[in-house]
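S.K.: Here's a structure for you.
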2 protein chains.
Amino acid sequence: MTEKFEPINAKGVRDFLPEEAIPRKRIIETLKAIFEKYGYSPLETPAIERIDVLSAKFAGGSEIMKEIFKVEDQGGRELALRYDLTVPMAKVVGMNPNLPKPFKRYQIQPVWRDGPIKLGRYREFMQCDVDVVGTKSMLAEAEILAIVAEFFAKISMDITIRVNNRKLMNGILDYAGIKENKMDAILSIDKLEKFGIDVVKKEMEQKGFDDKAIDAVLKILEIKGNNLEMLEKTEKLMKNEADGKEGIKELRELLEYCELMNVAIKLDFSLARGLEYYTGPVFEVFMNNSKVTSSAAGGGRYDKMIGMFIGRGEYPATGISFGIEPIFEALKERKKTTMKTVTEALVIPIGTLKEAIKLANELRASGIRTEIDLLERGISSNLNYANSLGIPYVVFLGKKELAEKKVKLRDMKSGKETLLAASDVKKAIVSHHTL
Amino acid sequence: MTEKFEPINAKGVRDFLPEEAIPRKRIIETLKAIFEKYGYSPLETPAIERIDVLSAKFAGGSEIMKEIFKVEDQGGRELALRYDLTVPMAKVVGMNPNLPKPFKRYQIQPVWRDGPIKLGRYREFMQCDVDVVGTKSMLAEAEILAIVAEFFAKISMDITIRVNNRKLMNGILDYAGIKENKMDAILSIDKLEKFGIDVVKKEMEQKGFDDKAIDAVLKILEIKGNNLEMLEKTEKLMKNEADGKEGIKELRELLEYCELMNVAIKLDFSLARGLEYYTGPVFEVFMNNSKVTSSAAGGGRYDKMIGMFIGRGEYPATGISFGIEPIFEALKERKKTTMKTVTEALVIPIGTLKEAIKLANELRASGIRTEIDLLERGISSNLNYANSLGIPYVVFLGKKELAEKKVKLRDMKSGKETLLAASDVKKAIVSHHTL
């Protein structure tokens, strides 16, 4: 025999055995169905892209290029694995100039980043983006936030959707007289929610912003009240700040549309989101009753990025990226039972193989995910198998049941056994794939 | 402005715009649902694997290693993209020795091969495998062929399932006195269906097999009749050939199980399938009324491969790989209409934006995939948009409809318009996503 070979995985990547692959697939299917309900269609792009596309100006930027996985092809071409789904979408928009607008797409595919491996960070992970290209209407944002609300309601996850606007944030900086190093100020302000106002103040001081400017910023960040009150109070301060006024106008529209779509949002003037390319509303979604602190989704409007990336025309766009991995983590917390299989019923023949095969056919035709013993095992081995996988029901078919034209259904959890007709099994079992 | 940048794709890979991504996803969802109905659970493995796993003895072999895409990681590890789904599954079985048996899994993921690009051959393509590990029962094969039959019936594709057995093929070679270069003979015999008996004969002569041996092989290949008759006639010749007898026994069992599961198969003693690792039944599926000549699915039993690959224990296994790409090609042939969107209805507000937003909510809640005008366009621009995407229905909401508590539904194909209550729209539209 050969030397013992120990198969192992590459660093930072994972296999998903059924126990994990099943709930992951269910969540992704739930997302897809909701995206499609709002008229978003699927897009798929290749894993392998040309490095000149991935590294183009206005694409991911130099930080992310340090983390790409380069791929060698035999023709010596410069290729790499995609690191996000936004650049491939911009590429598709550039390659297909006649796409009807608005172009509403969703995309759920893995991406790869050769970065440091930390708790919950992997080198291959699933991304899930939904974007609309070609409209400046705030109704687009409202629709995306309605998708967010509907999805998290569907999986019974309580969330808060925090919303801000980059134009308003610019207005606040204008109001405070901050004309340079705006992004520096924005990154400090973004820490308000997590670390409190004192940290923001201190960090801005350390960065060299003057006291008057810091006080002006804090004055706005300390505005309290409901969404409309916050906008009213801020509006009074924005006398000459054109960006600020425009940002407030956008937020008012967004609030109105969200109300019409029954979506609860919470304005938060400190919310920035790191990326520089946002130009209008930005939003971030947090799960309220979970230990997972990473955001569950986040995005915003980026009216200039695609146009600059492909170097032609205007392509206003807005979208959101769902944090599939944090959502999986949060769902794991409340998982009570582990199912290692999709199977709902295991048919155990007792000297009745032929009839049992027909019974399995019948159960499948009635919509039950059904296995039949493939190893000609005894009853106890079959019950052990069902237990080890968490199969919720077994169906015995012995000579006695056969004579009575019945089957014996056993609920593996309660141990309760019922004699019933094969055609009644479907009604008797409870569907087992709720999230 | 920046220099004009022309985004293009790497060689041999594709974007799937909604027009293609939609039917691809529908087919994959159809497959998944059927796999699960038979108790197969999803497995997912990473795109990136260690080269020592991919190139291990009994894995893909040296030919395939010439076509791997190597991946560089910053730690200088030897990695590559997976080229199939069988080796990753064998790896998972090796890494998880306590997996309950039988292990029934399906896996639908892309694979990468840096091979020559021909018509219909790409460097990134989807694979779809369903396998069961841990049973020698022919019922496993029958179940897999039942999945095949059910799937192709579901997409209304007429097929022929050709079946042979490697043990029987060995028996035939034993009967003909061929003891050496068996694989050479098998590869010639495999050409019978495509090129006819004269080509097989000539090729075997050229390979140096003696006339007596060739005549003996052809004698069996020329056996005619239905499945059982073919087995009977062959059985009479297999007097001392243990492998041949065992192969016939397996085929008899398989035929019996297939009959119980209503699966029509056609025995074909010339069918070999190229891979060396098959040990029992082999099968290949062809689409009867399509120009696509590649097989639509193929597989067989490989009782020794996994055990040899991971160097421990016995892991009998059987499975099939669906040729997702040929199936897509065949379905394209009969495609009558092109849909570039999942959207079923486009809501067009006519001075009724707020009410139209609520109408869109209502239509979505009733299960209709709904878009609403996001560009505040006029009626004719909206109709152009619907036409360009193939959206089958538009719903007008004007002041007049509003006053009557009705909406106007227009069938974009017939042009027919109907005034009806919003709650009746669902009934009025025909679902548009049949395959």
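S.K.: I'm trying to understand the selection: among the residues of segment A:218-237, which are under 17 Å from A:I186 (Cβ atoms) and touching a residue at least 24 places away in the same chain (Cβ under 8 Å)?
M.R.: Across segment A:218-237, the qualifying residues are A:I220, A:L221, A:T234.
S.K.: Within segment A:353-385, can you find the residues that are among the acidic types (D, E) and within 20 Å of A:D424 (Cα to Cα)?
M.R.: First pass over segment A:353-385, keeping only residues among the acidic types (D, E): A:355, A:362, A:371, A:373, A:376.
Those that are among the acidic types (D, E) and within 20 Å of A:D424 (Cα to Cα): A:E355, A:E362, A:E371.
S.K.: I need the full set of residues from segment A:163-180 which are crowded, with 21+ Cβ neighbours inside 10 Å and either in contact (Cβ under 8 Å) with a residue 60 or more places away in the chain or assigned to a strand (DSSP E or B) (or both), in order please. Don't jump to the end; show me each part of the working.
M.R.: Going residue by residue through segment A:163-180, those that are crowded, with 21+ Cβ neighbours inside 10 Å are A:163-169, A:171-173, A:175-176, A:178.
Those that are crowded, with 21+ Cβ neighbours inside 10 Å and either in contact (Cβ under 8 Å) with a residue 60 or more places away in the chain or assigned to a strand (DSSP E or B) (or both): A:V163, A:N164, A:N165, A:R166, A:K167, A:L168, A:M169, A:G171, A:I172, A:Y175.
S.K.: Within segment A:53-86, track down each residue that is β-branched (V, I, T) and within 9 Å of chain B (Cβ to nearest Cβ). Steps first, answer last, please.
M.R.: To start, the set of residues in segment A:53-86 that are β-branched (V, I, T) comprises A:53, A:64, A:68, A:71, A:86.
Answer for segment A:53-86, where residues must be β-branched (V, I, T) and within 9 Å of chain B (Cβ to nearest Cβ): A:V53, A:V71.
S.K.: Considering segment B:139-161 alone, what residues qualify as being assigned to a loop (DSSP other than H, G, I, E, B), of a type in the set (A, V, I, L, M, F, W, C) and within 22 Å of B:E193 (Cα to Cα)? Even if it seems obvious, please write down each step before you answer.
M.R.: Let us first name the residues in segment B:139-161 that are assigned to a loop (DSSP other than H, G, I, E, B), namely B:155-158.
Now narrow it down to the ones that are of a type in the set (A, V, I, L, M, F, W, C): B:155, B:157.
Within segment B:139-161, B:M157 is the sole residue that qualifies.
S.K.: Which condition does B:P110 not pass, out of (1) closer than 23 Å to B:V282 by Cα; (2) under 20 Å from the mean Cα position of the chain (by Cα); (3) not charged (D, E, K, R), if it passes all the others?
M.R.: Going through (1) closer than 23 Å to B:V282 by Cα; (2) under 20 Å from the mean Cα position of the chain (by Cα); (3) not charged (D, E, K, R) one by one, B:P110 breaks only (1).
S.K.: OK, next. Output the number of the condition that B:P100 fails; it satisfies all remaining conditions of (1) more than 8 Å from chain A (Cβ to nearest Cβ); (2) touching a helix residue (DSSP H, G or I) at 6+ places or on another chain (Cβ under 7 Å); (3) without any contact (Cβ under 8 Å) to a residue 12 or more places away in the chain.
M.R.: Going through (1) more than 8 Å from chain A (Cβ to nearest Cβ); (2) touching a helix residue (DSSP H, G or I) at 6+ places or on another chain (Cβ under 7 Å); (3) without any contact (Cβ under 8 Å) to a residue 12 or more places away in the chain one by one, B:P100 breaks only (1).
S.K.: Here is a further query. Give just the number: which of (1) outside any helix (DSSP H, G or I); (2) free of Cβ contacts under 8 Å to residues at least 60 places away in the same chain does B:K249 not satisfy?
M.R.: (1)
S.K.: If you don't mind, another one. Give, as residue ranges, the helices (runs of 4 or more DSSP H) completely inside segment B:279-377 that count at least 1 residues that are in contact with a Pro (Cβ under 7 Å, 6 or more places away or on another chain) and at the interface with chain A (Cβ under 10 Å from one of its Cβ atoms). Full working, then the answer.
M.R.: On the way: elements: B:305-310, B:324-333, B:353-365.
In segment B:279-377, B:305-310, B:353-365 are the helices (runs of 4 or more DSSP H) which contain 1 or more residues that are in contact with a Pro (Cβ under 7 Å, 6 or more places away or on another chain) and at the interface with chain A (Cβ under 10 Å from one of its Cβ atoms).
S.K.: Now, a different point. Is it the case that segment B:385-399 has a residue that's in contact with a strand residue (DSSP E or B) (Cβ under 6 Å, 6 or more places away or on another chain) and either without any contact (Cβ under 8 Å) to a residue 40 or more places away in the chain or in a loop (DSSP other than H, G, I, E, B) (or both)? It would help to see each step written out before you state the result.
M.R.: Taking segment B:385-399 first, the residues in contact with a strand residue (DSSP E or B) (Cβ under 6 Å, 6 or more places away or on another chain) are B:386, B:391, B:393-397.
With either without any contact (Cβ under 8 Å) to a residue 40 or more places away in the chain or in a loop (DSSP other than H, G, I, E, B) (or both) added as a condition, the list becomes B:391.
Yes.
S.K.: Here's a follow-up. May I ask you to list pairs of residues, at least six apart or on different chains, whose Cβ atoms are under 9 Å apart, with the first in segment B:267-284 being under 18 Å from B:T234 (Cα atoms) and the second being surrounded by fewer than 23 Cβ atoms within 10 Å (Cβ to Cβ) and small (G, A, S)?
M.R.: B:V282/B:G298
S.K.: For B:K136, work out the one condition from (1) buried (at least 22 other Cβ atoms within 10 Å of the Cβ); (2) farther than 29 Å from A:R82 by Cβ; (3) facing another protein chain (nearest Cβ under 9 Å) it doesn't fulfil.
M.R.: (1)
S.K.: Based on what the data block shows, is B:T45 under 27 Å from A:I22 (Cα atoms), polar (S, T, N, Q) and more than 7 Å from every other protein chain (Cβ to nearest Cβ)? Before the answer, list the steps.
M.R.: Values: under 27 Å from A:I22 (Cα atoms): yes; polar (S, T, N, Q): yes; more than 7 Å from every other protein chain (Cβ to nearest Cβ): no.
Answer is no for this residue.
S.K.: Right, here's the next one. Looking at B:L383, B:L402, can you tell me which residue is touching an Asp or Glu at 6+ places or on another chain (Cβ under 7 Å) and assigned by TED's automatic domain parsing to the domain that holds B:G351?
M.R.: Going through B:L383, B:L402 in turn, the sole match is B:L402.
S.K.: Give the residue, chosen from B:K154, B:K194, B:K201, that is basic (K, R) and surrounded by fewer than 14 Cβ atoms within 10 Å (Cβ to Cβ). If you could, list the steps in order and put the result at the bottom.
M.R.: Working: B:K154 fails: surrounded by fewer than 14 Cβ atoms within 10 Å (Cβ to Cβ); B:K201 fails: surrounded by fewer than 14 Cβ atoms within 10 Å (Cβ to Cβ).
After ruling out the rest, the residue left standing is B:K194.
S.K.: Out of all the residues in segment A:287-294, is one or more among the hydrophobic types (A, V, I, L, M, F, W, C), in contact (Cβ under 8 Å) with a residue 24 or more places away in the chain and closer than 25 Å to A:K182 by Cα? Explain how you work it out, then say what you get.
M.R.: Filtering segment A:287-294 for residues among the hydrophobic types (A, V, I, L, M, F, W, C) gives A:287, A:292.
Within this subset, residues satisfying the condition of being in contact (Cβ under 8 Å) with a residue 24 or more places away in the chain are A:287, A:292.
Now restrict to residues that are closer than 25 Å to A:K182 by Cα: none.
Checked against the condition, which is being among the hydrophobic types (A, V, I, L, M, F, W, C), in contact (Cβ under 8 Å) with a residue 24 or more places away in the chain and closer than 25 Å to A:K182 by Cα, segment A:287-294 yields no hits at all.
S.K.: Residues of segment B:400-432 being part of a helix (DSSP H, G or I) and within 17 Å of B:I372 (Cβ to Cβ), which ones?
M.R.: Step one: filter segment B:400-432 for residues part of a helix (DSSP H, G or I), giving B:400-403, B:422-428.
B:E401, B:L402, B:A422, B:V425, B:K426 - these are the residues of segment B:400-432 that are part of a helix (DSSP H, G or I) and within 17 Å of B:I372 (Cβ to Cβ).
S.K.: Of everything in segment B:17-29 that's over 15 Å from the mean Cα position of the chain (by Cα) and buried (at least 18 other Cβ atoms within 10 Å of the Cβ), which residue is farthest from the other protein chains (Cβ to nearest Cβ)? Lay out the reasoning, then the answer.
M.R.: Taking segment B:17-29 first, the residues over 15 Å from the mean Cα position of the chain (by Cα) are B:17-22.
Those left that are additionally buried (at least 18 other Cβ atoms within 10 Å of the Cβ): B:17-18, B:20-22.
Numbers: B:L17: 6, B:P18: 4, B:E20: 8, B:A21: 4, B:I22: 6 Å.
Step by step, filter segment B:17-29, then rank; the result is B:E20.
S.K.: Sticking with this one: Taking the criterion of being modelled with pLDDT under 95 and surrounded by 20 or more Cβ atoms within 10 Å (Cβ to Cβ), would at least one residue in segment B:331-346 satisfy it?
M.R.: The first filter runs over segment B:331-346 and keeps only residues modelled with pLDDT under 95, leaving B:331-340.
In the following step, the residues that additionally are surrounded by 20 or more Cβ atoms within 10 Å (Cβ to Cβ) were identified as B:331.
Yes, the conditions are met somewhere in segment B:331-346.
S.K.: Does A:K11 qualify as being assigned to a loop (DSSP other than H, G, I, E, B) and within 9 Å of chain B (Cβ to nearest Cβ)? Talk me through it step by step, then tell me what you get.
M.R.: Working: assigned to a loop (DSSP other than H, G, I, E, B): yes; within 9 Å of chain B (Cβ to nearest Cβ): yes.
Answer is yes for this residue.
S.K.: State all residues of segment A:42-60 that are within 30 Å of B:A360 (Cα to Cα) and touching a Lys or Arg at 6+ places or on another chain (Cβ under 6 Å); if no residue qualifies, say none.
M.R.: A:P42, A:L43
S.K.: What is the number of the single condition among (1) closer than 30 Å to B:F35 by Cβ; (2) basic (K, R); (3) in a helix (DSSP H, G or I) that B:K236 does not meet?
M.R.: Unmet for B:K236, out of (1) closer than 30 Å to B:F35 by Cβ; (2) basic (K, R); (3) in a helix (DSSP H, G or I): (1).
S.K.: Oh, and also: State whether one or more residues within segment B:30-39 are within 27 Å of A:V53 (Cβ to Cβ) and either more than 8 Å from chain A (Cβ to nearest Cβ) or surrounded by fewer than 21 Cβ atoms within 10 Å (Cβ to Cβ) (or both).
M.R.: No, there is no match, as no residue in segment B:30-39 is within 27 Å of A:V53 (Cβ to Cβ) and either more than 8 Å from chain A (Cβ to nearest Cβ) or surrounded by fewer than 21 Cβ atoms within 10 Å (Cβ to Cβ) (or both).
S.K.: As an exercise: evaluate A:R273 against (1) of a type outside the set (A, V, I, L, M, F, W, C); (2) touching a helix residue (DSSP H, G or I) at 6+ places or on another chain (Cβ under 8 Å); (3) surrounded by fewer than 21 Cβ atoms within 10 Å (Cβ to Cβ) and give the number of the one condition it does not meet.
M.R.: Evaluating A:R273 over (1) of a type outside the set (A, V, I, L, M, F, W, C); (2) touching a helix residue (DSSP H, G or I) at 6+ places or on another chain (Cβ under 8 Å); (3) surrounded by fewer than 21 Cβ atoms within 10 Å (Cβ to Cβ) leaves (2) as the failure.
The values are calculated or read from the model by the stated rules, or taken from the named source; none is laboratory data. Quantities reported herein were computed from a predicted structural model and do not represent experimental measurements. Note that we place each Cβ from the backbone using ideal geometry, even for glycine, and neighbour counts take in every protein chain shown.
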